[in-house]
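J.: Supplied in structure tokens, the structure appears directly below.
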Amino acid sequence: MSLLTFRFAPSPNGELHLGHAYSALLNQKLAKETGGRMLLRIEDIDLTRCTPEFEQDIYRDLDWLGIEWEKPVRRQSEHFADYEAALRTLVDAKLVYPAFMSRGEIRAHIAERETAGRPWPRDPDGAPLYPGLDKALSRRERQRRIDDSEPFAWRLDVEKALAALPTKELSWQEAADETLDRFDTVTAAPLAWGDVILARKEVPTSYHLSVVVDDALQGVSHVVRGRDLYLATAIQRLLQEHLGLPAPLYFHHGLIEGPDGRKLSKSNRDTGIRTLWESGATPADIRRMIRLD
Ligand code: GLU
């Protein structure tokens, strides 16, 4: 049997906080307990928000916490060609379409419907679903607009992609708890997200696309990450099916809450690893704070 493979996959767009520390340490603990591998992946596809400084901080903070990871690290910004190839597969299968509506046009369209008294459907994160009007464009019209250099994003036709699955059903295996002893089957509901963006002009891939490509390429057997990504797994499973990628096992751990009971964010300075470090906390203190000692 091949080794179990875990990964921690932060984006270098801010300071790591206690929630990241928990995720990284839990992945390392599981890798150690199972004699498996521990990978670190830098998810830096958004070149406008990710910086080399934040990336260096990630290495330093993780090192300070006592995390050890395999080298070399996979940095997503060095692998756009891999994501492009995956996107091509979906374009050829006609499961994605060029979506031309600008943010302003989307907003106006939705506002118009909502003033007519119909609430517009929202995704699990609260963002309005894409109207999907472009799906009706003819091939000629699409080509004309692309040739005219109109900006567009590639969006996944989720309904079509789901209907194209041989079983028309989609699920994943979710660990009942962090012992990873028992897994339950969870039915995936990708339609809840609407037609998500898989690539844009300025970022020629997306979180969903690059994460499934990399988890497969790196042989990740167990995706252990925060509960905030639980429902997003539905889209990732749909992509894995259409790209012929194996489905990892999943465990979405509970989120560490801030003192105010709210989800931690990268702008919440007092729970930042670096801030705690500089104010005299030790790695053992951090472990105690997140109850992983
Ligand atoms: N890069 C993502 C984040 O920082 C995590 C991706 C994942 O674990 O699937 O939130």
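J.: Could you list, in their original order, any pairs among K32/K263; K71/K263; K94/K135; K29/K71; K201/K263 whose Cα atoms are separated by more than 22 Å? Numbers along the way, then the final one.
T.: Details: K32/K263 28 Å; K71/K263 31 Å; K94/K135 11 Å; K29/K71 18 Å; K201/K263 31 Å.
In this structure, K32/K263; K71/K263; K201/K263 exceed 22 Å between Cα atoms.
J.: A further question follows. Indicate, rounded to the nearest 5 percent, the antiparallel portion of the DSSP beta bridges found entirely in region 1-156.
T.: Taking every DSSP beta bridge within region 1-156, about 45 percent pair in antiparallel fashion.
J.: Quick one: net charge around D195, please, counting Lys, Arg +1 and Asp, Glu -1 for every other residue with C-beta under 11 Å from its C-beta. Working shown, then result.
T.: Numbers: positive: K135, R155, K160; negative: D123, D134, D157, E159.
In short, -1.
J.: Okay, moving on. Determine the shape class of region 14-56: with a ≥ b ≥ c the square roots of the Cα gyration tensor eigenvalues, call it rounded for a/c under 1.5, and otherwise prolate if a/b is greater than b/c, oblate otherwise. Walk me through the numbers before you get to the answer.
T.: Details: a/c = 3.59, a/b = 2.05, b/c = 1.75.
The shape class here is prolate.
J.: Springs between alpha-carbon atoms under 10 Å, Gaussian network over the chain: tell me which of G132, G258, G117 tops the mean-square fluctuations.
T.: Comparing G132, G258, G117 in the GNM, the peak value goes to G117.
J.: Students often check this: by mean Cβ neighbours within 10 Å, which of 190-203, 55-68 ranks highest, and how do the rest follow?
T.: Taking the mean over residues of other Cβ atoms within 10 Å, the ranking is 190-203, 55-68.
J.: Tally Lys and Arg at +1 and Asp and Glu at -1 over the other residues with C-beta under 15 Å from the C-beta of A161: what net charge comes out?
T.: For residues surrounding A161, the net value is 0.
J.: Explain nothing, just compute: Karplus ³J(HN,Hα) = 6.51 cos²θ - 1.76 cosθ + 1.60, θ = phi - 60°, for every residue of region 63-74 in order, whole Hz, x for Gly and Pro.
T.: 4, 4, 6, x, 7, 10, 9, 6, 10, x, 6, 8
J.: If D125, D177 are ordered by their accessible area, calculated over protein heavy atoms with a 1.4 Å probe, which sequence runs from highest to lowest?
T.: I get D125, D177, largest accessible area first.
J.: Y130's amide H: which non-local residues (gap 5+, or another chain) put their own amide H closer than 5 Å, with H modeled 1.01 Å from N in plane and none for Pro or chain starts?
T.: So Y130 has HN proximity to D195.
J.: Using the Cα centre of region 26-79 as origin and beta-carbon charges of +1 (Lys, Arg) and -1 (Asp, Glu), tell me which of A31, Y59, I42 is placed farthest towards the positive end of the dipole.
T.: My answer, from the dipole projection, is A31.
J.: Explain nothing, just the number: dipole magnitude of region 209-293 about its Cα centre with +1 on each Lys and Arg Cβ and -1 on each Asp and Glu Cβ, in debye rounded to the nearest 20.
T.: It comes to approximately 160 debye.
J.: Continuing with this model, one more query. Is the shape of region 48-110 best called rounded, prolate or oblate, per the rule: a/c under 1.5 gives rounded, else a/b larger than b/c gives prolate, else oblate, with a ≥ b ≥ c the square roots of the Cα gyration tensor eigenvalues?
T.: Taking the square roots of the gyration eigenvalues as a ≥ b ≥ c, region 48-110 is oblate.
J.: Determine the percent antiparallel among the DSSP beta bridges restricted to region 167-259, to the nearest 5.
T.: Percentage antiparallel, nearest 5: 45.
J.: If I compute solvent accessible area with a 1.4 Å probe over the protein chains, what percent of it on region 106-234 is carbon and sulfur?
T.: That share works out to 52 percent.
J.: Using Cα-Cα distances under 8 Å and only pairs 6 or more residues apart, what relative contact order does region 29-179 have, in percent?
T.: Relative contact order of region 29-179: 22 percent.
J.: Taking a probe of 1.4 Å, how large is the accessible area per residue of the chain, in Å²? Don't skip to the end; give the middle numbers.
T.: Values: 15090 Å² over 293 residues.
So the chain comes to 51 Å² accessible per residue, rounded to a whole number.
J.: Just how large is the dipole of the chain about the Cα centre, in debye to the nearest 20, putting +1 at every Lys and Arg Cβ and -1 at every Asp and Glu Cβ?
T.: So the dipole magnitude of the chain works out to roughly 540 debye.
J.: Tell me whether region 56-200 comes out rounded, prolate or oblate; compute the Cα gyration tensor, take square roots of the eigenvalues as a ≥ b ≥ c, and use a/c under 1.5 as the rounded threshold.
T.: On the way: a/c = 1.78, a/b = 1.48, b/c = 1.20.
Here region 56-200 falls in the prolate category.
J.: Students sometimes get this wrong: rank R118, R7 by accessible area, probe 1.4 Å, all chains present, largest first.
T.: From most exposed to least exposed: R118, R7.
J.: Given C-alpha coordinates of region 26-139, what is the ratio Rg to Rh with the Kirkwood estimate of Rh?
T.: Rg/Rh for region 26-139 comes to 1.13.
J.: Given Cα pairs under 8 Å that are at least 6 residues apart, what percent is the relative contact order of the chain?
T.: Taking the mean separation of contacting Cα pairs over the length of the chain, I get 24 percent.
J.: Write down the percent of antiparallel bridges among all DSSP beta bridges whose residues are both part of the chain, to the nearest 5.
T.: Roughly 50 percent of the DSSP beta bridges within the chain come out antiparallel.
The values are calculated or read from the model by the stated rules, or taken from the named source; none is laboratory data. Because the structure is predicted, anything quoted here is derived from the model rather than measured. Because the Cβ atoms are built from the backbone with ideal geometry, glycine has one as well, and the counts that use them run over all protein chains shown. Accessible surface is based on the protein model in full, side chains and every heavy atom, while ligands, DNA and RNA are left aside. Shrake-Rupley method; radii C 1.70, N 1.55, O 1.52, S 1.80 Å.
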